[in-house]
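Engineer: One structure coming up, written as structure tokens, with questions to follow.
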Amino acid sequence: MRFVTVGVSMHLLLGLLGGSAGAQTPEETRAARRPRARLMETGFLNLNAAYSNEDHSSTRHLSLPLYNETAVFDVGRASTPRVGLDAAVGLRVWSNLSVGLGVAYSRSPIDVDLAGAVPHPLFYDRDREVQYSAEGFERIELGMHLHAAWTIRVSDRIDLALSAGPSLFRVEQGSVSGIDPRETGPPYDQVGGEVSREIVSKRLFGGNVGADLTYHLFRSLEPGALFWTAGVGLFVQWTTGSSVPTGVGSDDTIEVGGLRAGAGLRLRF
């Protein structure tokens, strides 16, 4: 009888221990999930193809004395959507806070149209309307974006980074520097001409805010692995900057800033 009592007691004891080990309190469950919300990576590298539809269209006015009158021209510049390359690298400095530097490059053509009124060489106050279409203009923009980012681990495979910081832009842009009207001969009803052009280079300061959503495709935690995770991501970034004239006394300006979006590769080290 004594052996039966001891056996039943041991059985009950083991059952209680097993039940306590298998069940977890809500606090223990939350504690078990906390490590997933922390970032294990110390660095990141983002490579993107980016699209921008920033509107940098403008109209400027040119004039020059001709035949004791004044020839006037309106120079219209239309911007085109741009596809460029974007890369960002950075380090986690504390908890989910990281600092990084992004570089964005784009190159796009510029459509330039000219319309004006040119005085007649024989008759006073009888302007002739002219139109020119100039080709071969382009805009090259290089943006460097320093930013601080806070990353939110949404799940084991998804995280969202919110960032902001200062920006520096370097822009090279083709510009019309002048127009040389040329007569085509009697009866002087039509006017030819040659468009003078120049390349203007400016540096501008601004700022940036953005969001980056990453989906981790696979994870490597083996010793000596090149990276922790690799995946794909989407980003959207809004930049703003100053507007500067292309020259002293010129009403032609260079502007930067606008909305950019893209997608690409994500590596976490």
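The values are calculated or read from the model by the stated rules, or taken from the named source; none is laboratory data. Please read these numbers as outputs of a predicted model, since none were measured by experiment. Glycine also receives a Cβ, built like all others from the backbone with ideal geometry; neighbour counts cover every protein chain displayed.
Engineer: Looking at the stretch 186-202, can you tell me whether even one residue there is within 20 Å of the chain's Cα centre (by Cα) and under 23 Å from VAL256 (Cβ atoms)? Before the answer, list the steps.
Structural biologist: Our first condition is that a residue be within 20 Å of the chain's Cα centre (by Cα); within the stretch 186-202, this holds for 201-202.
Checking which are under 23 Å from VAL256 (Cβ atoms) leaves us with 201-202.
For the stretch 186-202, residues within 20 Å of the chain's Cα centre (by Cα) and under 23 Å from VAL256 (Cβ atoms): present.
Engineer: Next up: Please identify the pairs in which a residue from the stretch 49-66 that is closer than 26 Å to GLY262 by Cβ has its Cβ atom under 6 Å from the Cβ atom of a residue that is hydrophobic (A, V, I, L, M, F, W, C) and modelled with pLDDT of 90 or more, counting only partners at least 6 apart or on another chain.
Structural biologist: Once the first residue is closer than 26 Å to GLY262 by Cβ and sits in the stretch 49-66, its partners that are hydrophobic (A, V, I, L, M, F, W, C) and modelled with pLDDT of 90 or more give TYR51/ALA261.
Engineer: Related question: Just a yes or no: is a residue in the stretch 88-110 loosely packed, with under 15 Cβ neighbours inside 10 Å and outside any strand (DSSP E or B)?
Structural biologist: Yes, there is a match, as at least one residue in the stretch 88-110 is loosely packed, with under 15 Cβ neighbours inside 10 Å and outside any strand (DSSP E or B).
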